[in-house]
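The values are calculated or read from the model by the stated rules, or taken from the named source; none is laboratory data. Everything quoted here is computed from the prediction, not taken from an experiment. We place every Cβ from the backbone using ideal geometry, glycine too, and count neighbours over all the protein chains shown.
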């Protein structure tokens, strides 16, 4: 799941200026968290949330084939 999401986001953003945190629970549920700059969040979410919905649909198809559940979250990278 992480590799698929990374591939899709690299094409959407045109760079790999993001991190993906993947946590897998004992029940097989996968939590994916995309950490990126605030400028990239608009590209990932898209107009009216269309891009994030499309990403979730693609990942849901993969999760269904793998017979697992997942969640996808996009958060802004903390400034240091």
Notebook entry, point to check: When you scan the range 20-48, how many residues do you find that are surrounded by 12 or more Cβ atoms within 10 Å (Cβ to Cβ), free of Cβ contacts under 8 Å to residues at least 12 places away in the same chain and not in a loop (DSSP other than H, G, I, E, B)?
Noted result: 1
Next item on the list: Output the residues belonging to the range 49-60 that are out of contact with any helix residue (DSSP H, G or I) (no Cβ under 8 Å at 6 or more places or on another chain) and surrounded by 14 or more Cβ atoms within 10 Å (Cβ to Cβ).
Entry: 56
Next item on the list: Give me a count of the residues in the range 2-19 that are on the phi > 0 side of the Ramachandran plot and in contact (Cβ under 8 Å) with a residue 40 or more places away in the chain.
Entry: 0
Margin query: Go through the range 63-76 and report how many residues are in a helix (DSSP H, G or I) and buried (at least 16 other Cβ atoms within 10 Å of the Cβ).
Written below: 1
Check: Counting only residues that are modelled with pLDDT of 90 or more and under 15 Å from residue 71 (Cα atoms), which one in the range 28-43 is farthest from the chain's Cα centre (by Cα)?
Finding: 29
